[in-house]
Amino acid sequence: MIVKDVMKKNVISVEPETTVTEAKELMNKNNISKLPVIKGGKLAGIITKNDLLQAGPSLATTLDMYEISYLLSKLNVKKIMTAEVVTASPDDVVEEAARVMVEKQIGCLPVVKNGVVVGIITENDLFRLFTDMFSGTEKGIRATLVFDDKPGQMARVSEKIAAEGGNIISAVTSVLPAKSKRLLTLKVADIDMPKLEKIFADLQIQVEDIRNI
């Protein structure tokens, strides 16, 4: 899957001259926590809800509420935005976007094509994708298996499950620290627990966890 399939396309943004107060109101109204800053149609920076919180006065301030509101109404987002923005391309694979977000410890990536912001991908979009990959909204038996990392292992499992009338609705694998082993997480529908457990036992596959969800 690529970024353009996951990103939000209707991007809510602000301009550098937008006040902090206006940016905060826009975030609250749309229930979002990041705003790309656009100048002349191009990406100029990004501002987050955390930036807005840090721009506010400390608890030790002697200013009253009206003075604080006045100061924030005069402060523009260009003063507190992050100008060096990490971005993604619409054609990047989602895994690469997720890796960049983890490595940079950031919660979103504006998606840019030819210098123009065409979307934004956030951690919530990745969480939603993660849930979809595991068929989180569907009922079934979730089994986590450990097997040898060699050709044909998944085929053995899927053939046996299909022969018993089971339907694999999700399958996700990952490499274990022991490079010769791989972790396979399956969600299977249309089969009962005893039948599935017997399949794994007959195939001599190690079961880390199995449960109805």
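For the pair residue 89 and residue 175, label points projected 7 Å from Cα toward Cβ lie 2.5 nm apart.
Only protein heavy atoms count here; under a 1.4 Å probe, residue 156 has an accessible surface of about 80 Å². Using a 7 Å offset from the Cα along the Cα-to-Cβ direction at both residue 74 and residue 159, what is the distance between the two label points in nm, to one decimal? Reported label-point gap for residue 74 and residue 159 is 7.7 nm. For residue 150, the aspartates and glutamates whose Cα falls under 18 Å of its own Cα, not counting residues fewer than eight places away in the same chain, are 159. Here the range 75-91 is scanned for amide nitrogen atoms under 20 Å from the site 7 Å beyond the Cα of residue 39 along Cα-to-Cβ, giving 75-88.
Here the dipole of the range 93-160 is about 120 debye; that uses its Cα centre as origin and unit charges on the Cβ of Lys and Arg (positive) and Asp and Glu (negative).
Give me the dipole magnitude in Debye, nearest 20, for the chain about the Cα centre, with unit charges on the beta carbon: positive for Lys and Arg, negative for Asp and Glu. Walk me through the numbers before you get to the answer.
On the way: 28 positive and 28 negative charges, 45 e Å.
Using only the charged Cβ atoms, the result is roughly 220 debye.
Checking every one of the GluC sites (Glu not before Pro) in the range 128-199 against DSSP loop status and a limit of 13 other Cβ atoms within 10 Å picks out 138. Here is how the number arises for the chain: DSSP H runs of 4 or more residues each give -39500 (n - 2.57), the sum is divided by the residue count, and the result at 222 nm is -10000 deg cm²/dmol.
Counting only protein heavy atoms and a 1.4 Å probe, tell me what percentage of the chain's accessible area is made up of carbon and sulfur.
On the way: 6760 of 13020 Å².
Accessible surface attributable to carbon and sulfur in the chain totals 52 percent.
Using heavy atoms of the protein chains and a probe of 1.4 Å, the accessible area assigned to residue 128 is about 130 Å². What shape does the range 136-185 take by its C-alpha gyration tensor, where a ≥ b ≥ c are the square roots of the eigenvalues and a/c under 1.5 counts as rounded, a/b above b/c as prolate, and the rest as oblate? Here the range 136-185 falls in the oblate category. Positive-end ranking of 19, 108, 7 along the dipole of the chain, with charges on Cβ about the Cα centre, is headed by 19. Separation of the alpha carbons by more than 27 angstrom is noted, of 9/74; 8/74; 4/181; 8/181; 79/104; 139/198, for 9/74; 8/74; 4/181; 8/181.
Solvent-accessible area of residue 130, all protein chains in place: 120 Å² (probe radius 1.4 Å, heavy atoms, ligands and nucleic acids excluded).
As an exercise, use a Förster radius of 35 Å and the Cβ-Cβ distance of residue 5 and residue 202 to find the FRET efficiency, rounded to the nearest 0.05. Display every interim value, and only then the final one.
Values: r = 38 Å, r/R0 = 1.10.
For residue 5 and residue 202, the calculated efficiency is 0.35.
The values are calculated or read from the model by the stated rules, or taken from the named source; none is laboratory data. In this text, all values refer to a predicted model and were calculated from it rather than measured experimentally. Cβ coordinates were reconstructed from backbone atoms using ideal geometry, including for glycine residues, and neighbour counts include every protein chain displayed. Calculation scope for accessible area: heavy atoms of the full protein, side chains included, ligands and nucleic acids excluded. Shrake-Rupley method; radii C 1.70, N 1.55, O 1.52, S 1.80 Å.
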